[in-house]
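Every number here is computed from the coordinates shown, using simple stated rules; none is lab data. Not measured: the values here are computed from a predicted model. Using ideal geometry, Cβ is built from the backbone for each residue, glycine included, and neighbour counts are taken over all protein chains shown.
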Amino acid sequence: MKYSIVEKVRKEKPLIHCITNYVTAGSVANMILAAGASPVMADGIFEVREVALASQALVLNMGTLKESTVSSMITAGKTANAQKKPVIFDPVGAASSSYRAYACRKVLEHVKCALIRGNASEIKALIEGNKGGLGVDVSHKDLVREENLEAGIRLCLEAAKAFHTAVLMTGNIDISVNNDKVILVRNGHSMMKRITGAGCMLDGLAAAFLAVSDPEDYGEAAALAAAAEGLCGEIAFKRTEKDGGGTGSYTGYLIDAVSLLTGEQLREGGKIEIR
C-alpha cells in the first residue's frame with residue numbers, strides 16, 4: 001500500500017473540480033484543503049468545461065439534484081475523460097426517486113468514471129434500478145456486516161464489471177474493488193453517521209488521492225482515502241470525548257485530523273485487509 005500518498009497530495013496540490021450538493025459543499029471544500037489539495041466548486045454549464053480542463057480530478061455528487069446539474073456533470077465528465085483525468089461519481093440516494101435513478105443512469109451512460117463511491121443501497125440501485133429507498137441513508141437490510149460481507153463484495157465486483165470502474169462501497173466495513181482486487185477497510189467511528197457530509201467529504205478526499213495515482217492504483221487509492229477518513233474519525237472522537245464536545249466539535253476535529261495526518265500514521269492506524 002502506498003501510504004506516502006498522503007504526502008504526495010500535499011506536494012502536488014491537485015486542483016479538484018467538484019459538482020456537488022449545496023448541503024455539504026463547504027465541508028467537501030474544507031476536506032480537500034485539509035488534505036493539501038485545492039477545491040473549485042463550479043457547476044454552471046458555461047464554465048464547467050473550462051474548469052474541468054484546468055483540474056486534475058472531478059467529483060460528481062448527485063446529492064441536491066437539478067436538471068441543469070445533470071447537463072453540467074455530463075459536459076464536465078466528457079471533458080475530464082478526454083483529458084484522462086479521474087472522475088469520482090457519488091450516486092447519492094439513487095434508490096430514492098425514479099428521476100434520480102434516471103439521472104444516475106444518464107451520467108453513467110455518457111461519462112467514464114474512475115471510481116463510483118456510495119453506500120450499499122446506492123450501489124445496489126445502480127445495478128437493479130430504483131426500488132424505493134430511504135433518501136441518502138443506507139437501508140438496514142443492505143448494511144454490510146461480517147456475516148454478509150461476501151455478498152457485499154460480490155455486489156461491488158458486479159458494479160465494477162458493469163460500469164468498468166473501481167468501486168468504493170462505504171459502511172460499517174468499506175469495500176474497495178478494482179478489477180478483481182478487493183480491499184477491506186475497518187476504520188471509522190459511529191459519530192461519523194451523526195454529521196452531515198462524511199460521505200461527500202470522502203468523495204473529495206478520494207478525488208485528491210486518485211488525482212496523484214496511476215489508473216491501475218485507483219482501487220488502492222480509494223481504500224486509502226476511506227482508511228484515512230475513518231482513522232481521522234477515530235482520532236476526532238477521542239478529542240471530542242476528552243473535551244466534552246458534540247457533533248459540531250467533532251466535525252472540526254475531523255478536519256483537523258486530516259490536515260495533520262501523515263503517511264506513517266495511516267500505515268500504523270489503517271485497518272486494511274487485502275483479499
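Numbers below:
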| read-out | value |
| --- | --- |
| Under 17 Å from K11, Cα to Cα: lysines that are on another chain or at least 8 residues apart | K2 |
| Relative packing of 181-193, 229-241, which averages over residues the other C-beta atoms within 10 Å, highest first | 229-241, 181-193 |
| Mean Cα-pair separation over length for the chain, i.e. relative contact order, pairs under 8 Å, 6 or more apart, % | 21 |
| Nearest-20 debye value, the chain charge dipole, Cβ charges on Lys, Arg, Asp, Glu | 260 |
| Mean Cβ count within 10 Å, highest first, over the residues of peptides 161-167, 12-18, 244-250, 57-63 | 57-63, 12-18, 161-167, 244-250 |
| Given K13/K112; K85/K124; K112/K238, the pairs whose alpha carbons are separated by over 29 Å | K112/K238 |
| Globularity index of segment 151-214, i.e. its alpha-carbon radius of gyration over 2.2 N^0.38 Å | 1.18 |
| Beta bridges per DSSP with both ends in the chain, % antiparallel, nearest 5 | 40 |
| Chain lengthening between K66 and T262 when straightened (0.36 nm per residue, less Cα-Cα) | 66.8 nm |
| Reachable lysines, given that their alpha-carbon falls under 29 Å from the alpha-carbon of K242 and they are not under 8 places away in the same chain | K193, K271 |
| For the chain: rounded, prolate or oblate by the Cα gyration tensor [a/c cutoff 1.5] | rounded |
| Backbone HN-Hα couplings from phi across segment 101-106 [Karplus 6.51/-1.76/1.60, Hz, Gly and Pro as x] | 5, 4, 5, 4, 4, 5 |
